[in-house]
Amino acid sequence: MSLSSALFQQPGSSSAARFMLDAVSTPIAVPSPPRDTDALALLRQDHDLIRQLFKDFERLLMQGHDTRHRAERAGVVSRICSELLMHIHVEDEIFYPAVRAAIQDDLLMDVADVEHEGVMRLIVELDMMGAEEALYDAKVIVLGKEVGRHMKEEQDVVFPKVRQVNLDTIALGKEMASLRRALRRDSAQPHFHHENEGAT
Ligand SMILES: [Fe+2]
Ligand SMILES: [Fe+2]
């Protein structure tokens, strides 16, 4: 089981529920994609949003370190983590398995899986910290660097390989968009996590 699946299914872990609920309470800047959007276009759209959120964090970092500024930054970090959780979960559950089967490059996909695990570990660490704690801002900066490198590798190396093998990225995109809608819908339920108890 991937770490992202574990976070969505383990009732003892608070990260997914907390960040997903934050995502629902935070206005979403990017409109919902059409139902037949290409999988690669969907992922690029997510990447652009995540890059923008890290830029927002860096901008806020320059503005001050008092309680108000820290609270503002924590809100952006919460949104970053919720978007990353959903993005990685959709990749782990649908995109990566289909790509792994199609492109026949297990090492490339293994590296991507390990990078996902590193990102998820940082998200869990941030979930357990307060914005005023030492290393909080540093962890967000490192998360941004790791995520930036990972997304670049996906777009520069993985996506061209997907295009070469003529995977049906429209069908894949429909499946991904559907899971994403379900995640957003379920996260609006107050007992999102408990509803998944016992899931395997
Ligand atoms: Fe990824
Ligand atoms: Fe990605």
Task: In region 142-166, the residues that are hydrophobic (A, V, I, L, M, F, W, C) and in contact (Cβ under 8 Å) with a residue 24 or more places away in the chain - done: L143, V147, M151, V157, V158, F159, V162, V165
Open item on the list: Only one of L122, L126 is among the hydrophobic types (A, V, I, L, M, F, W, C), within 19 Å of the chain's Cα centre (by Cα) and surrounded by 20 or more Cβ atoms within 10 Å (Cβ to Cβ). Can you tell me which?
Closed with: L126
TODO: Within region 71-113, track down each residue that is small (G, A, S) and touching a residue at least 24 places away in the same chain (Cβ under 8 Å).
DONE: A71, A74, G75, S78, S82, A98, A102, A112
Open item on the list: Please determine whether any residue of region 59-77 is in contact with an Asp or Glu (Cβ under 8 Å, 6 or more places away or on another chain) and within 16 Å of ligand 1 (Cβ to nearest atom).
Closed with: no
- [ ] State whether the residues of region 142-160 include one that is under 23 Å from T67 (Cα atoms) and either loosely packed, with under 15 Cβ neighbours inside 10 Å or away from ligand 1 (no atom under 16 Å from the Cβ) (or both).
- [x] yes
TODO: From S82, S78, grab the single residue that is over 22 Å from Q164 (Cα atoms), within 16 Å of ligand 2 (Cβ to nearest atom) and among the hydroxyl-bearing types (S, T, Y).
DONE: S82
Open item on the list: Whether any residue in region 52-59 is within 12 Å of ligand 2 (Cβ to nearest atom) and out of contact with any Gly (no Cβ under 6 Å at 6 or more places or on another chain) is what I want to check.
Closed with: no
Open item on the list: Take the residues in region 98-113 that are within 11 Å of ligand 1 (Cβ to nearest atom) and hydrophobic (A, V, I, L, M, F, W, C); name whichever of them is surrounded by the fewest Cβ atoms within 10 Å (Cβ to Cβ).
Closed with: V111
Task: region 171-199 residues that are under 17 Å from V90 (Cα atoms), paired with ones that are at pLDDT 95 or above and acidic (D, E) (beta carbon under 7 Å, 6 or more apart) - done: G173/D38; L179/E93
TODO: Could you tell me which numbered condition S178 fails, if it satisfies all but one of (1) surrounded by 19 or more Cβ atoms within 10 Å (Cβ to Cβ); (2) within 20 Å of L49 (Cβ to Cβ); (3) away from ligand 1 (no atom under 14 Å from the Cβ)?
DONE: (1)
Task: Residue that is nearest to S187 (Cα to Cα) [pool: residues in region 95-128 that are within 12 Å of ligand 2 (Cβ to nearest atom) and β-branched (V, I, T)] - done: V119
Task: Pair list, Cβ < 8 Å and 6+ apart or interchain, from region 114-127 residues that are modelled with pLDDT under 95 to residues that are more than 14 Å from ligand 1 (Cβ to nearest atom) - done: D127/S14; D127/S15; D127/R18; D127/F19; D127/C81
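The values are calculated or read from the model by the stated rules, or taken from the named source; none is laboratory data. Computed from a prediction, not measured in an experiment: that's the story for all the values here. Note that each Cβ is placed from the backbone with ideal geometry, even for glycine, and that neighbours are counted across all protein chains shown.
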